[in-house]
Amino acid sequence: MKLTTILLLMLFSIPLSSYDFEIEIFAAGDGSETKIFKFSDNITYRHFYSFQNWKDNLGDWGTLECAGNHTIIKNKGTIFKNYCKGLNQEGDIFWLLMDRNSIDFEAGVGKLKYKKGTGKFENYEGTECVYAVKFLKNGNATFQKARCNYKN
């Protein structure tokens, strides 16, 4: 009976969704360019260009160069589009798109998709990830973590 209970507890503690790798992205406000346009009292538009660092749980790491926009609609939410070009320590390149619609500017969940790649990243084309982002309170840095499934 105890063994059955232990086995059932172990079974239910296994995550139901599987993924093939995780990627973490770290961004600091230094080196970023942000333009803010207040369309009205209800809408704020941000256009940005930034440099970030990333690492994955497969031992790979590198840099990201990103450009995108972010629209905040008061009492309705935020719409975020980010286009990035990544480079790893071996010189392989990938391009990805990050997309998020959420209630808050400071945190949220979105989708990340590998669009194209060279070297090892050719195999990542079409790979989709779910990511979460959190801004520091002063807005000068972000931390993002994504769980990804290889496209089969």
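The calculated FRET efficiency for the pair LYS116 and ASN75, based on their C-beta separation and a Förster distance of 41 Å, comes to about 0.65. The residues neighbouring ASN42, those whose beta-carbon lies less than 12 Å from its own, together hold a net charge of +2 under the Lys/Arg +1, Asp/Glu -1 convention. Solvent-accessible area of the stretch 59-152 (1.4 angstrom probe, protein heavy atoms only): carbon and sulfur portion equals 53 percent. Peptides 78-85, 89-96, ordered by how many other C-beta atoms sit within 10 Å of their residues on average, highest first, read 78-85, 89-96. Relative to a virtual label point 7 Å from the Cα of ILE103 in the Cα→beta-carbon direction, which members of the stretch 31-70 show backbone nitrogen distances below 11 Å? Zone members listed by number: none at all.
Computed log10 I(q)/I(0) for the stretch 23-90 at 0.22 Å⁻¹: -0.92, from the Debye equation with unit scatterers placed on every C-alpha and solvent omitted.
Highest mean first, the peptides 37-43, 141-147 sorted by other C-beta atoms within 10 Å per residue fall in the order 141-147, 37-43. Stretching the chain fully between ILE43 and LYS134 yields a gain of 30.6 nm (0.36 nm per residue, less the alpha carbon separation).
The values are calculated or read from the model by the stated rules, or taken from the named source; none is laboratory data. Please read these numbers as outputs of a predicted model, since none were measured by experiment. FYI the Cβ positions are ideal-geometry reconstructions off the backbone, even for glycines, and counts take in every protein chain you see. All accessible areas refer to the heavy atoms of the entire protein, side chains included, with ligands and DNA or RNA removed. Shrake-Rupley method; radii C 1.70, N 1.55, O 1.52, S 1.80 Å.
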